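Following: one structure in structure tokens, then a few remarks.
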Amino acid sequence: MQASLPLLPTSVVGSHAKMGWWYLVRQEAESGRMGPRDLAEALDTAVDIAILDQERAGVDVISDGEMRRLGSFYRTYLRRIEGIRMEPAEKLWINPDCGFNPTPRWVALPKLKAMVEGTKIVRRELGQGD
């Protein structure tokens, strides 16, 4: 059975806000203090919460909220730019109901410079040489 969508369906872009305990799970997994099944159960629960939040909000096309992504997508790029400084998060432990992430802030300094090495790596991965 094919689901019917409204003329202008709603969806989400990017990651769902992470719960406070999600960061503890990531920390424990990265340190080797969680088994793979422990991690899978925790991330499955995080996905269930993201989906439930979207269903409650009436979103037409839902996603997993990228809850299983333990790394940070944007930090990969920001680390390759000289002149951007990471400042620590203002809140490290939060109530999961408040809806804010305990994430660091990134501050651009007066002079920015992209690291060229990253583009060489990308070209090599795409088979385009240097």
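The values are calculated or read from the model by the stated rules, or taken from the named source; none is laboratory data. Worth saying up front: this structure is predicted, and the values here are computed from it rather than measured. With ideal geometry, Cβ positions are generated from the backbone for all residues, glycine too; neighbour counts draw on all protein chains shown.
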Task: Flag for GLY83 being surrounded by fewer than 13 Cβ atoms within 10 Å (Cβ to Cβ), small (Gly, Ala, Ser) and at pLDDT 75 or above - done: yes
Task: Where a residue in the range 57-68 is over 17 Å from ALA42 (Cα atoms) and its partner, wherever it lies, is at pLDDT 90 or above and not in a loop (DSSP other than H, G, I, E, B), with Cβ under 7 Å and at least six apart - done: VAL59/SER11; ASP60/SER11; VAL61/SER11; ILE62/ILE51; ILE62/GLN54; ILE62/GLU55
Open item on the list: Can you report the number of residues in the range 1-42 which are part of a loop (DSSP other than H, G, I, E, B) and surrounded by 13 or more Cβ atoms within 10 Å (Cβ to Cβ)?
Closed with: 8
